[in-house]
Amino acid sequence: MKKLYGFVARVLAVEQINRAGGVQGRKIELVVRDDAQNRETATKAASELVAAKVEAVIGPFTSGMAEVVVPVLAGNDTLAISPTVTSMDFVGKNDNLVRINRGSRDNARDYARVMFRRGERKVAVACDERNRSFTLSWLNEFRAAFAKQGGEVVAEVAYESRPDTDFGAVVGAMLKKGPDSLLFVAGAIDVARLAQQARRQAPTLPIGASEWAASEQLIELGGKVVEGLLIVQNYDRDDDSPRFNEFREAYFKRFQKNPGYSAVAAYDAAMVLFEALSRRADGESVKAAVLRNGPYQGLQQRIVFDANGDTQRKVFFTEIRDGAYRKLDETLSR
């Protein structure tokens with residue numbers, strides 16, 4: 001029995017592959033550990049996965065946790081295949097991490113281009129340092145790209161997300177430099193809170209958020225205060241193809257909710273891994289098998305890895321309108 005780490009969409013992928021006979025005639029066993037977005041917990045979880053002799057880890061989901069987990073797994077040559085990590089700290093490195101997502105440089109550059117085209121010239125940015133490997137990498141890339149467009153990041157407000165974080169003070173600090181828009185590089189819960197304060201203190205300013213927050217939870221928590229917010233999606237929510245419809249229906253039947261971006265990426269990561277394991281040669285490392293057997297057909301896109309395990313992914317800029325993510329005009333987002 002092959003052992004893997006994972007949860008949610010990965011559960012669906014494992015169940016489907018096991019019903020089809022498993023991998024090379026062996027059933028997949030899912031070993032679950034939660035990093036709790038805490039460095040000590042993540043270290044312990046990664047060590048337990050190594051001790052359990054898992055074949056590979058589908059995760060981690062944030063760059064901050066990847067900083068901790070990947071080195072621990074490397075000590076046992078265990079591959080991590082991350083659905084969502086984008087930090088430039090992990091791009092272009094021949095290590096034990098393979099990424100389904102593109103790098104933060106690509107996303108930040110696209111944000112700079114789209115925001116400038118929308119008439120935004122002076123942007124204030126708030127960054128959650130809890131996931132600083134991602135947020136600082138993203139901000140550095142955005143700042144440089146926005147300057148090339150002719151814009152300026154006029155304020156950079158770093159904070160650490162806690163239950164008692166004063167989000168009113170964070171937004172107040174962003175507004176001191178007179179920006180014409182606000183950008184939040186944070187998770188969905190924080191973005192909903194920041195948007196609430198932005199609507200109170202500067203109700204007419206455009207707001208946006210990095211792709212980290214692009215989940216169903218953002219709309220559920222934010223409600224009316226996130227209306228008009230600009231955010232990128234790494235999958236097409238309007239896809240009506242048979243492949244994606246089949247996945248969406250299976251996911252809803254299993255979990256009683258529609259899949260979000262992390263579910264789509266996690267399912268893609270799992271299916272890439274299973275295909276690579278099914279075609280793995282004797283004595284071949286998991287990473288070598290992943291790289292050798294591509295490209296892979298994901299739910300919506302072909303997944304093509306370079307020699308380091310990096311890939312590209314098409315994204316879709318959206319604006320929240322009427323409680324849903326609505327794609328922008330292609331001429332603006334290209």
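The values are calculated or read from the model by the stated rules, or taken from the named source; none is laboratory data. Values in this document were obtained by computation on a predicted structure and should not be read as measured data. Note that we place each Cβ from the backbone using ideal geometry, even for glycine, and neighbour counts take in every protein chain shown. The accessibility values were calculated without ligands, DNA or RNA, using every heavy atom of the protein model including side chains. Shrake-Rupley method; radii C 1.70, N 1.55, O 1.52, S 1.80 Å.
I'd like the antiparallel share, as a percent to the nearest 5, of DSSP beta bridges with both residues in the chain.
Numbers: 11 of 39 bridges.
If we restrict to bridges inside the chain, about 30 percent are antiparallel.
Each residue was assigned an accessible area with a 1.4 Å probe, and for K327 the value is about 80 Å². For K122, the lysines whose Cα comes closer than 25 Å to its Cα, not counting residues fewer than 8 places off in the same chain, are K148, K176, K177, K224, K327.
Taking amide hydrogens as placed 1.01 Å from N in the peptide plane, the amide H of Y235 sits under 5 Å from those of F316, each at least 5 positions away in sequence or on another chain. The loop-placed GluC sites (Glu not before Pro) in segment 107-160, going by DSSP, that have at most 11 neighbouring Cβ atoms within 10 Å of their Cβ come out as E160. Of the residues G309, G298, G92, the one that moves most in a GNM of the chain with alpha-carbon contacts below 10 Å is G92. Phi angles across segment 286-298 convert, under the Karplus curve 6.51 cos²θ - 1.76 cosθ + 1.60 with θ = phi - 60°, into 3J(HN,Hα) values of 5, 4, 4, 5, 4, 6, 6, 9, x, x, 10, 8, x Hz, Gly and Pro given as x. Over the chain, what percent of the accessible surface lies on carbon and sulfur atoms, probe 1.4 Å? In the chain, the share of accessible area belonging to carbon and sulfur is 47 percent. Between the helical axis of 132-149 and the longest alpha-carbon principal axis of the chain there is an angle of about 50 degrees.
Could you tell me the convex hull volume per residue, in Å³, taken over the Cα atoms of segment 178-219? Can you show the working numbers first?
Details: hull volume 2.7 nm³, N = 42.
Considering the Cα atoms of segment 178-219, their hull volume per residue is 63 Å³.
With protein chains left intact and a 1.4 Å probe, residues in the chain average 43 Å² of accessible area per residue.
Mind listing which trypsin sites (Lys or Arg not before Pro) in segment 34-71 are in a DSSP loop and have 13 or fewer other Cβ atoms within 10 Å? It would help to have the intermediate numbers written out before the result.
Working: sites: R39, K44, K53; in loops: K53.
Sparse-neighbourhood loop trypsin sites (Lys or Arg not before Pro): K53.
When restricted to Cα atoms, segment 185-296 yields an Rg and a Dmax of 18.8, 62 Å, respectively. Overall shape: oblate for segment 38-82, with the ratio a/c of the largest to smallest alpha carbon gyration tensor axis at 1.5 or above and b/c at least equal to a/b. Return the FRET efficiency for the residue pair Q149, A36: r is the Cβ-Cβ distance, R0 is 56 Å, and the value is rounded to the nearest 0.05. The formula returns an efficiency of 0.90 here.
Answer rounded, prolate or oblate for segment 36-178, using the Cα gyration tensor with square roots of eigenvalues a ≥ b ≥ c: rounded when a/c is under 1.5, else prolate when a/b is larger than b/c, else oblate. Here segment 36-178 falls in the oblate category.
If you count the DSSP beta bridges with both ends in segment 1-145, what percent of them are antiparallel, to the nearest 5?
Around 10 percent antiparallel, to the nearest 5.
Computed from Cα positions, the angle between helix 104-117 and the longest principal axis of the chain comes to roughly 30 degrees. Counting only alpha carbon atoms, the long axis of helix 261-278 and the longest principal axis of the chain meet at about 20°. The helix-based estimate of mean residue ellipticity at 222 nm for the chain, built from -39,500 (n - 2.57) per DSSP H run of four or more residues and divided by its residue count, is -13000 deg cm²/dmol to the nearest 500.
Can you bin segment 101-240 into rounded, prolate or oblate? Criterion: square roots of the alpha carbon gyration tensor eigenvalues sorted a ≥ b ≥ c, rounded for a/c under 1.5, prolate for a/b above b/c, oblate for the rest. Here segment 101-240 falls in the rounded category. Between Q312, Q233, Q16, the Gaussian network model of the chain with springs among Cα atoms under 10 angstrom shows the greatest mean-square fluctuation at Q16.
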